[in-house]
Amino acid sequence: MESKQWKRKQPKWLDNAIFYEIYPQSFKDSNGDGIGDFQGIIEKLDYIRTLGCNAIWMNPCFVSPFGDAGYDVADYYTAAPRYGTNEDLKQLFDEVHKRGMHILLDLVPGHTSVEHPWFLESMKAEKNTYSDRYVWTDSIWEEPQGMGCIRGISDRDGSCAVNFFSHQPALNYGYYKIDRSWQQSPEDEGPQATLEELENIMRFWLRLGADGFRVDMAGSLVKNDEDSKGTIKLWQKVRAFLDEEFPDAAMVSEWGEPDKSLQGGFHMDFLLHFGPSHYNDLFRCEEPYFSSRGKGNITQFVEKYLENYEKSERKGLICIPSGNHDMDRLARTLSQQEMKIAFAFLLSMPGAPFIYYGDEIGMRYVENLTSVEGGYNRTGSRSPMQWDDTENAGFSTAPEERLYIKQDASADRPTVAAQMADKDSLWHTVNQLITLRLVNRALSNCGEIEFLQVGYPLVYRRWLNSQSITVIINPAVSAACVEGIPGRILYNVGGSATLAGGQCRVDGMSAVFIEDEE
Ligand code: NOJ
């Protein structure tokens, strides 16, 4: 069987990378202050390896007032003291590498905190090095169109565009289409200096041992850029810089439009809970496809997926995450059994899988929490990891009221220890699915895909070189029959499956992997 040649050179390790997202505040607290830290993560690296993941994406860990959980950076070059020092972070890189793993930092290029010294300088009335670092209009009475702004707090006569929350001023990478005198071109001195500084930041952490970056809001850096041409061009410059100095650094974008981001030189792009991908139809809507009620609809997701797959011409990886710190937990809509089938899908699709910490045990969304650090409705998905049945589920020795976010208080909250001790648990299913993916090339990140049946069940074939595997995903309660699949069953999840004379019968709420006969 033919597999198309991989068109973009990507770091070799991405062929088999399976990522684990760590929200550092909530993973493991080593010093009893109620907040997770680098040493805590180091303690748990063997756990991540045992689960089977071989790569990590860690959310922002830099100096910040934490008005947006660290996505409001006040110093790009220094680790936030609550997590440890730059030395600790270097130690984390080294420990990750010792285990044959890789780690991506979270790069926030679009905005800083209002407390960043660049912003404080840029607010001054006198022109200085940082005057053009952010997007400013030339009068307090003029607002940047289509964006919120900060106004009335500076001596400078102007309004500053914001990128997300109103305490996150937008860094200036220029305007693609200029229609106001104060707008600058990406080639102007100010935007060029911002880009240069961005490369300095990347260089600093890559030299210290980071393996690459997840890039926050990567698709919106150049403003007034309807088709993203300006932003794509900007990332192509970054790609040239990386190719030259750090060819093994991996880049994944929060963009959600792989045809654009991969053109910009990213190796991977995420499907997101917003934007055009229909990702939400799978797990997070009124009738998710993976609910056993069987009332969901996966058609538009598959259509959009194939459109992206073709448009991106295999220039890189389309990544489907189990969740992240911005979305509801899978367990808010799916039961443990349903999540097993969801993971059979997530861990058998092309692209690098990303598992959000705690999803491997089906951690729940904690309802009715007051917002913590700009989390708002996202706070319930950011509660501290549940390791075992000791104090604070083994997350921290701090008094309960000092924990970063309240934990799931239910008596039956899932824990790693309990699930590792139970062979039938979600944890074991995830672990086995990861092993299956790693030993079968056809299931790897770069393997091809073809959908054979879309609906209940969903049937697709994955292949690479001479291996071909058919995957049948049947989340609904009724059994299903699929014809024309000669081969042997490699693995099944949920109920049982039988294969005879090319006909496969799968129980409801099950998934089966069949290695095709050559
Ligand atoms: C996306 C991040 O994932 C989210 O957590 C953050 O609030 C916004 N970008 C702003 O940086």
* Structure fact -> If every Lys and Arg gets +1 and every Asp and Glu gets -1 at its Cβ, then about the Cα centre segment 306-442 yields a dipole, in debye to the nearest 20, of 520 debye
* Which angle between 0 and 90 degrees, to the nearest 10, do you get for helix 299-311 versus the longest principal axis of the chain when only C-alpha atoms count? -> 60 degrees
* **Relative contact order for segment 8-153, counting Cα pairs under 8 Å that sit 6 or more residues apart, in percent** => 18 percent
* **Straight-distance crosslink candidates among lysines, where the alpha carbon sits under 29 Å from LYS233 and sequence neighbours closer than 8 are dropped** => LYS4, LYS7, LYS9, LYS12, LYS127, LYS177, LYS223, LYS260, LYS304, LYS311, LYS315
* **chymotrypsin sites (Phe, Trp or Tyr not before Pro) restricted to segment 86-143 and DSSP loop, no more than 14 other C-beta within 10 Å** => TRP141
* Asked: Two-decimal Rg/Rh of segment 379-508 from alpha-carbon positions, Kirkwood Rh?
  -> 1.12
* Asked: Accessible area per residue, 1.4 Å probe, Å², for segment 185-282: what's the number?
  -> 36 Å²
* Structure fact -> Toy charge model, Lys and Arg Cβ at +1, Asp and Glu Cβ at -1: segment 364-518 dipole around Cα centroid in debye, rounded to 20, equals 260 debye
* List every residue whose amide H lies under 5 Å from the amide H of TYR491, counting only residues 5 or more places away in sequence or on a different chain, with H placed 1.01 Å from N in the peptide plane. => PHE513
* First check a/c for segment 117-189, with a ≥ b ≥ c the square roots of the eigenvalues of its C-alpha gyration tensor; if it is under 1.5, answer rounded, and if not, answer prolate when a/b is larger than b/c or oblate otherwise. => rounded
* Structure fact -> For CYS61, the net charge from surrounding residues (Cβ-Cβ under 11 Å; K, R +1; D, E -1) works out to -2
* Structure fact -> Straight-line reach check, LYS44, cutoff 24 Å on alpha carbons, 8 or more apart in-chain or any other chain, hits among lysines -> LYS28, LYS90, LYS98, LYS340, LYS406, LYS423
* Evaluate E = 1/(1 + (r/R0)^6) for ALA417 and LEU438, where r is the Cβ-Cβ distance and R0 equals 22 Å; express this FRET efficiency to the nearest 0.05. => 0.35
* On full extension of the chain, what length is gained from ARG203 through GLU187, given 0.36 nm per residue of separation minus the C-alpha to C-alpha distance? -> 3.6 nm
* Normalised per residue, the volume of the convex hull around the Cα set of the chain (Å³) -> 142 Å³
* Quickly work out the GLU310-to-LYS98 label distance, labels modelled 7 Å from Cα along the C-beta direction, and quote it in nm with one decimal. => 5.0 nm
* To do: Write out the GluC sites (Glu not before Pro) in segment 166-245 meeting two conditions: DSSP loop, and at most 10 other Cβ atoms within 10 Å of their Cβ.
  => GLU187, GLU226
* Asked: Considering only protein heavy atoms and a 1.4 Å probe, what is the carbon-and-sulfur percentage of the accessible area of segment 159-292?
  -> 47 percent
* Asked: Nearest-5 percent of antiparallel DSSP beta bridges in segment 1-109?
  -> 20 percent
* Where the accessible area of segment 320-478 is counted over protein heavy atoms with a 1.4 Å probe, how much of it, in %, is carbon and sulfur? -> 48 percent
* To do: Rounded to whole Hz and in sequence order, give me ³J(HN,Hα) for segment 389-400 from the Karplus expression 6.51 cos²θ - 1.76 cosθ + 1.60, θ = phi - 60°, writing x for Gly and Pro.
  => 9, 7, 3, 6, 6, x, 7, 7, 9, 5, x, 3
* Asked: What is the chain's relative contact order, in percent, from Cα pairs under 8 angstrom and six or more apart in sequence?
  -> 14 percent
* In degrees, nearest ten, helix 336-346 long axis to first principal axis of the chain (Cα) -> 70 degrees
* Asked: Solvent-accessible area per residue for segment 1-107 at a 1.4 Å probe radius, Å²?
  -> 34 Å²
* Asked: What whole number of Å gives the distance from the Cα centroid of segment 421-443 to the Cα centroid of segment 264-289?
  -> 23 Å
* Structure fact -> For the chain, percent of DSSP beta bridges that are antiparallel (nearest 5) comes out at 60 percent
* Asked: Quick one: if you stick a label point 7 Å off each Cα along the C-beta vector at TRP141 and ASP15, how many nm between them?
  -> 6.4 nm
* For segment 105-245, what is the relative contact order in percent, using Cα pairs closer than 8 Å and at least 6 residues apart in sequence? -> 25 percent
* **Dipole of segment 9-81 [Lys/Arg +1, Asp/Glu -1 at C-beta], most positive-end residue of GLN10, ILE35, CYS53** => GLN10
* Asked: How big is the charge dipole of the chain about its Cα centre, in debye rounded to the nearest 20, if each Lys and Arg gets +1 on its Cβ and each Asp and Glu gets -1 on its Cβ?
  -> 1060 debye
* Under a Cβ-Cβ cut-off of 13 Å, what is the net charge of the residues other than VAL162 that fall near it, where Lys and Arg count +1 and Asp and Glu count -1? -> -1
* Asked: For the peptides 460-471, 262-273, what is the packing order when you average, over each peptide's residues, the other Cβ atoms within 10 Å and list the highest mean first?
  -> 262-273, 460-471
* Asked: Taking Cα centroids, how far is segment 449-518 from segment 316-364 in Å?
  -> 20 Å
* To do: Answer with one residue from GLY265, THR333, ALA249: the one whose Cα lies farthest towards the positive end of the charge dipole of segment 191-341, charges on Cβ with Lys, Arg +1 and Asp, Glu -1.
  => THR333
* **Surrounding net charge for SER277, when Lys and Arg each add one and Asp and Glu each subtract one, Cβ distance under 14 Å** => -3
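The values are calculated or read from the model by the stated rules, or taken from the named source; none is laboratory data. If you're wondering where the values come from, they're calculated on a predicted model, not measured in any experiment. Cβ atoms come from the backbone with ideal geometry, glycine included; neighbour counts cover every protein chain shown. Quick note on the areas: whole protein, heavy atoms, side chains included, nothing else; ligands and nucleic acids left out. Shrake-Rupley method; radii C 1.70, N 1.55, O 1.52, S 1.80 Å.
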